[in-house]
1. Scan the range 79-102 residue by residue and report those that are in contact with a strand residue (DSSP E or B) (Cβ under 8 Å, 6 or more places away or on another chain) and polar (S, T, N, Q).
2. Return the residue satisfying two criteria in turn: it lies in the range 58-73 and is touching a residue at least 12 places away in the same chain (Cβ under 8 Å) and part of a strand (DSSP E or B), and of such residues it is nearest to residue 47 (Cα to Cα).
3. For the range 53-97, give me each residue that is open to solvent by less than 60 Å² (accessible area, probe 1.4 Å), farther than 17 Å from residue 111 by Cβ and not polar (S, T, N, Q).
4. Which count do you get for residues in the range 82-131 that are part of a helix (DSSP H, G or I) and touching a helix residue (DSSP H, G or I) at 6+ places or on another chain (Cβ under 6 Å)?
5. Which members of the range 102-129 meet the condition of being open to solvent by 20 Å² or more (accessible area, probe 1.4 Å) and among the hydrophobic types (A, V, I, L, M, F, W, C)?
6. With touching a Leu at 6+ places or on another chain (Cβ under 8 Å) and without any contact (Cβ under 8 Å) to a residue 40 or more places away in the chain as the only criterion, which of 46, 34 stands out?
Amino acid sequence: MNEKLFELIKQVYTECREAERLKIANYLEKQGFKVKKRGSAGKGLKEYKSGGRLNKPFDLSNWKWIEITKDGIEFLVSLQPPDKDPSSGNHHVLMDRIGVCSNEHWIITDIDLPMDEKSLDALVEIINGWN
């Protein structure tokens, strides 16, 4: 595969993930959640430098999340939640799987991108049922 094609595929994939992030954020807002929107909220920096530790910046723009609040409870909805396999101890990032975090407790859902109305409703149900 040539470099131009690879970069084009990465760009389209990032754009699709951003469209999904916005779809989820808009849906959650319609359901009464307050969605953080200011600045670079919800997406990684194009030129991430790890506090100056990276000589060559890394493109984190494909890293997507939504910060929401409802009834005084803060949630992070991740489009790539972290996972640690309890058997092997290996760490993973579950790309395009929805995870929800509140008070440092993660729920990894069975919901994968792309989202439809059924999966959006299921996400709202998970968040509203948080204990």
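1. Initial filter on the range 79-102 (in contact with a strand residue (DSSP E or B) (Cβ under 8 Å, 6 or more places away or on another chain)): 79-85, 90-94, 96-102.
Of everything in the range 79-102, those that are in contact with a strand residue (DSSP E or B) (Cβ under 8 Å, 6 or more places away or on another chain) and polar (S, T, N, Q) turn out to be 80, 90, 102.
2. The first filter runs over the range 58-73 and keeps only residues touching a residue at least 12 places away in the same chain (Cβ under 8 Å), leaving 59-70, 73.
If we keep only those that are part of a strand (DSSP E or B) too, we end up with 64-70, 73.
Details: 64: 15, 65: 17, 66: 20, 67: 21, 68: 25, 69: 28, 70: 32, 73: 31 Å.
Result: 64.
3. 57, 60, 70, 85, 89
4. Looking only at that region, the number is 1.
5. 106, 107, 108, 113, 122, 126
6. Matching residue, one of 46, 34: 46.
Residue-by-condition table, conditions (1) modelled with pLDDT of 95 or more; (2) assigned to a strand (DSSP E or B):
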{"position": "9", "(1), (2)": "yes, no"}
{"position": "12", "(1), (2)": "yes, no"}
{"position": "20", "(1), (2)": "yes, no"}
{"position": "24", "(1), (2)": "yes, no"}
{"position": "28", "(1), (2)": "yes, no"}
{"position": "39", "(1), (2)": "no, no"}
{"position": "45", "(1), (2)": "no, no"}
{"position": "75", "(1), (2)": "yes, yes"}
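The values are calculated or read from the model by the stated rules, or taken from the named source; none is laboratory data. If you're wondering where the values come from, they're calculated on a predicted model, not measured in any experiment. All Cβ positions, even for glycine, are placed from backbone atoms using ideal geometry, and neighbour counts span all protein chains on display. The protein model used for the area step is the full one, side chains on, heavy atoms only, and it has no ligands, DNA or RNA in it. Shrake-Rupley method; radii C 1.70, N 1.55, O 1.52, S 1.80 Å.
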